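Before any comments, here is the structure.
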Amino acid sequence: MRIGVVTFPGSLDDGDAARAARIAGAEVVRLWHGDADLHGVDAVVLPGGFSYGDALRCGAIARFAPVMESLADAARGGLPVLGICNGFQILCEAHLLPGALTRNQHLHFRNRDQFLRVESTSTAWTNAFTAGQEILIPVKNGEGCFVADERTLDELEGEGRVVARYTHGNPNGSQRDIAAITNEAGNVVGIMPHPEHAVEALTGPSLDGLGFFTSVLRALAGAPAGGQLAGGQSR
Amino acid sequence: MTTQQHSGFAATDVLINEFGDGPDTVERARDTPEELQPHADLGLKDDEYDRIRQILGRRPTASELAMYSIMWSEHCSYKSSKVHLRQFGEKTPKNTRMLAGIGENAGVVQISDEHAVAFKVESHNHPSFVEPYQGAATGVGGIVRDILAMGARPVAVMDPLRFGAADHPDTARVLPGVVGGIGGYGNCLGLPNIGGEIVFDPTYQGNPLVNALSIGVLPVERLQHKEAAGVGNVVVLLGARTGRDGIGGVSVLASATFDEGAEARRPSVQVGDPFMEKLLIESCLELYDAGLIVGIQDLGGAGLTCALTETAAAAGTGMRVWLERVPLREASMSPTEILASESQERMLLIVAPDKLEPVLAVAEKWGVWATAIGEVTPSETDGVPGRLVISWNDHVVVDVPPGSLADDGPVYARPIREPADLILLQADRAETLPRPATPDELRAAVLRMVASPNLCDKTWVTEQYDRYVLGNTVLAQPEDSGVLRIDERTGLGVALSVDGNGRYARLDPYEGAKLALAEAYRNVVVTGAEPAAVTNCLNFGSPEDPAVMWQFAEAVRGLADGCLQLGIPMTGGNVSFYNQTGAAAIHPTPVVGVLGILDDVARRTPMGFPPPPTAEGDLLYLLGETRCELSGSEWAWVEHAHLGGRPPQVDLAHEQALGKLLAQASRAGHVSAAHDLSDGGLAQVLAESALRRNIGARVALPEGHPSFVWLFSESAGRVLVAVPRGHDKAFEAAARDLGVPATPIGATSADPVLEFVNEFTIPLDELRAAHTATLPRLFGGVAELANRHGDPEHAANPDLDGAAEPATAQSAIAEPAIAEPAIAEPAIAEPVTAGSVSTGSAAGGSVTTGSAAGASATTEPVAAAPAATEPAATEPSAAGSPVAGSSTDGTGAEDASTPSAAEASVGAGNGSESATPAVTEPNGTAKPDPVAAEKVATGVAQVHTDQTPPEPGRPTAPPDNFPTADLDQRRTTEQK
């Protein structure tokens, strides 16, 4: 399975995302923001960082990169996409996910090891977890406070599209403790904390992050060849 | 580095009006030998000025005079320190690891056949006092470029920070800004922050010390040089455009070229753009790997002047530069200003002509400017040594021997005299102070000590730094050392620690410097690493004060002797003088960084007690000898506000033995935890090691001293280790063989209690509450529990982590209520920011403090407006800009509207369409940029050279077109 990792100017965790995918057993393909070609990858990770220096708004400019046009089409066609931190922000700006990430309520950049509760295991990126499972992965952001209007929030809840919630403390003030959400089809997931930093005992607080990357490999293995990945099929 | 106390110099004192009748050219200088020049106002003495005239055989031009004043300043020439710093070279042990040392941009140490690391620490003290956020941010940027210039990929930063009293109102202005700036820049660069220091002491009240260390990794063969070798090679300026930032930073040139007016009030601290620096890093690394450049030098303090003269002088060549080719932020800049500008995020490249096109292509790929501005000329033509010749629009404004600027600056042996009060100070020993004696008194003292500002938990600061990015951080703060994996295949890594103790150095600068070295060394060896190299940052008062100069001389002597005794080389460093307010100098503060090598980071020893495998727990040993040494201690300071006596003894041979023992023990698995004893003594170490993973300990303090001495003495050369049962005999034998005293003092325990047998008991919850509450109380935010790294078993206990969400939200919203009165009452902050800058960052750092919010209201009406009008809900975001990189490029005002923008985007389901308006062209460039208006997304370069005209049509979002460019600023500086 080939997982693409996109590098924008200002991407910072791209190497970490690539390492995590590799540890999970994927072949990694590095994608360049200026190249619209997805090089036939089976899934894509939009990594963390400060694309374009967060100019204007986090993710606002990255959304217009050539690679994003192809990616948006492919995502609507079912390609599994995981946006981590800045990647989540880009997915929101690209309207592949609803809502927005705003400045942390306490106004500080915050880096800590954070517990999450996995709420949905029916996405392409979380099928390796069990529902309700608590996992520990690092969070590190300045603008990670998820907001959306009440109707959107209710919709996300009602459709089981809240993928993970903060537990034992909300690090940024996100509405309804939301840490990760998915699109209707379950192939596009945005997550604020950093699973790619919890894949090795030596450097991470746990190995819990690995599950996101093994999930997509499982989903891809189980998906019909060339077919679309529908939400809920993998578990 | 620094030469910043330019008191008495006003903008109008000197006018070099270069535009009245064109620039001051070499020709004109020959024709008007009698013209009076403001050399004294530029910091040059009469005899120095005479020497310049002698070197040139005429009076210098205005540009030349500026260049000499910069390069011969304390900052660039090390004229006061040079005679002392020589010892580092003379006393350095022979060492085959060192690939680059003193005099280079950073020391480079080979750590394996393939890998080398570059590391260095520098100060950015004065700018950080004037404008904490940008001062600290550009400090990080500057040291990172030093590392980059050696061919290394920067992989981490550390920040030794010293502030005034923790509860002083101005500390509440400076600290949040400094921390925000370090985080804002480092996080946005993608560099983990793996350690440092946070020290409070009134001695630093008007002179906070913001030192920044960076470390980078390179393949051995990628080592870069600054020599401008190869006649005909092209001189290329890479990175940000040049603006009026920091002109006069290292000299007092600044005002000389301006009429009084708006510009004269420009803020004096420059603004960093970490996004540009990130692109610069990636471009340079790509250039190195493709073998496209001959030489490279970063531009920091002294800007182009320093880079041009140093590259030419190092190669012994001449150089021809066409200054009008330099891309400018403001077209009206004079040649002197261009030469003196300290605009950030620039590098100077020396490129073979046939490699120019590929170099420009790399720059274009990463979206940074690259401009051919000159060429290397022969070292000798017809018997005449090569000159540095600089023209501006066909006017030759500089024609000098480059070596005269870079290498032949003045050197002074300044008078030294032991401070008159030292004898009395040393006689006033802390060992005679009243002490706690009863178990209850001791218990209360322990709780007060762990809560004191210097000993308390620093999570409030460190969680504003990214410690995970790059995925190689094995240990980070609060561990004794930062440990990084360098080679994923073999596990090869490094440990790095940086330490200093101004109080010890005040009492005895020679021993104090050695103690700092010993502590950094010990912090490295407790991880199991083998120390390999040293760097330093010497923070002192005015060198013109013989007492300060004596302290400096003693400290350098102590450090050099210490390196020789420990057998590890000094690889470079930085001197920061003039850290003084009026006649009062700071405590002499030598800060020392030690680098160690771990052949496999998997065997690193952490500081926290591990969960005990059995009910009995691991055995605890205190290594080293405890004496009654309380003078200069944290206890004497916290409990008695006392400083006097002599600092603890230091025995470097013992430190070496300790290092050998801990490395052996780490290899053999004899130790499960190790923690260096320093400030606060054994009590502090037990508390920290227990709290790290919530594992208790049962301790029986040995005979020989009163319990109080065991708990609070700060004898050097000591380490607390936990030894798994079954390993105790082997460990004791190893300690005996090496002559290291190992005293058993108890065992760890699953019971979350710190128990001192027959003395007192403190539940860890109570200890933690005391330890973690201090900084949140002082600097805002909720008193959250410390976040312990990486122990799911422990952290899974919901009682122990987080539990702060509602409080977080409430407190953030509640803060503005505190800030509000300060808006009406800016008096507190105004004096300290007078004449300086206050961008959105001051507002951001300040939201919890009130006083700084007032300051921002006075100087930055745009950013502060929301705070004044809508204190409740929107103010936090308005003021919070420093957290993200965007704040540094002047989008503070943008940030102020973020909530509404975000809400709009939520409501409307979009909000990104406004991308282009943010891209605003600054007020003019030397070469108008036809692409600027349409750039949006792909980050393609604006490449300008004579050979390559601007490439049209490729859309991009070059960072220079973001509002940064408008914020051209002067600053006082100390960056090298």
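Please give me, ordered by residue number, the GluC sites (Glu not before Pro) of region B:546-639 that lie in loop per DSSP and have at most 16 other Cβ atoms within 10 Å.
B:Glu616, B:Glu625
So what is the relative contact order for region A:2-222, in percent, with contacts set as C-alpha pairs under 8 Å and at least six apart? Over region A:2-222, the number comes to 21 percent.
Using the Cα gyration tensor of region A:2-222, with a ≥ b ≥ c the square roots of its eigenvalues, what is the shape: rounded (a/c below 1.5), prolate (a/b larger than b/c) or oblate (neither)?
Rounded, because the longest to shortest axis ratio a/c is under 1.5.
Under 5 Å between amide hydrogens, built in the peptide plane, is the criterion, and for B:Val121 it picks out B:Asn536 among residues at least 5 positions away or on other chains. Take each residue in A:196-202, count the other chain C-beta atoms within 10 Å of its C-beta, and the mean is 5. If you roll a 1.4 angstrom probe over the protein chains with everything in place, what fraction of the accessible area of region A:33-145 belongs to carbon and sulfur, to the nearest %? Here carbon and sulfur together make up 46 percent of the probe-accessible area. Sequentially through region A:187-204, phi angles give Karplus couplings (6.51, -1.76, 1.60; θ = phi - 60°) of 8, 9, 10, x, 9, 7, x, 10, x, 5, 9, 10, 10, 9, 4, 5, 10, x Hz, Gly and Pro residues having no value and appearing as x. Packing around the peptides B:743-751, B:332-340, taken as the average count of other Cβ atoms within 10 Å per residue, puts them in this order, highest first: B:332-340, B:743-751. Once backbone amide H atoms are built at 1.01 Å from N, A:Phe146 has A:Thr102, A:Ser174, A:Gln175 as its partners under 5 Å, excluding neighbours fewer than 5 places away on the same chain. What does the C-alpha gyration tensor say about the overall shape of region B:182-238? Classify as rounded when a/c is under 1.5, otherwise prolate if a/b is larger than b/c, or oblate. Here region B:182-238 falls in the prolate category. What pairs from B:Lys82/B:Lys120; B:Lys79/B:Lys226; B:Lys120/B:Lys365 go past 20 Å between their alpha carbons? With Cα atoms farther than 20 Å apart: B:Lys79/B:Lys226; B:Lys120/B:Lys365. Other residues whose C-beta falls under 14 angstrom from the C-beta of A:Arg76 contribute a net charge of -3, scoring Lys and Arg +1 and Asp and Glu -1.
Which value, in Å², gives the accessible area per residue of region A:2-222 when a 1.4 Å probe is used on the protein heavy atoms?
Values: 5460 Å² over 221 residues.
Dividing the accessible area of region A:2-222 by its residue count gives 25 Å².
Residues in region A:13-19 carry Karplus couplings, in order, of 9, 5, x, 5, 5, 5, 4 Hz; the curve used is 6.51 cos²θ - 1.76 cosθ + 1.60 with θ = phi - 60°, and Gly or Pro positions show x.
Within region B:79-173, the trypsin sites (Lys or Arg not before Pro) that combine a DSSP coil assignment with at most 11 other C-beta atoms in a 10 angstrom radius are B:Lys94. For region B:644-659, putting each phi into the Karplus relation 6.51 cos²θ - 1.76 cosθ + 1.60 with θ = phi - 60° gives couplings of x, x, 10, x, x, 5, 10, 10, 6, 5, 5, 4, 5, 4, 4, x Hz, in residue order, rounded to whole numbers and with x for Gly and Pro. Amide hydrogen proximity for B:Arg467: with H placed 1.01 Å from N in the peptide plane, the residues at 5 or more positions away or on another chain lying under 5 Å are B:Asn193.
The values are calculated or read from the model by the stated rules, or taken from the named source; none is laboratory data. Note that the coordinates shown come from a computational prediction; the quantities given were computed from them, not determined experimentally. Every residue, glycine among them, receives a Cβ derived from its backbone with ideal geometry; neighbour counts consider all protein chains shown. For accessibility, only protein heavy atoms count, side chains too; no ligands or nucleic acids. Shrake-Rupley method; radii C 1.70, N 1.55, O 1.52, S 1.80 Å.
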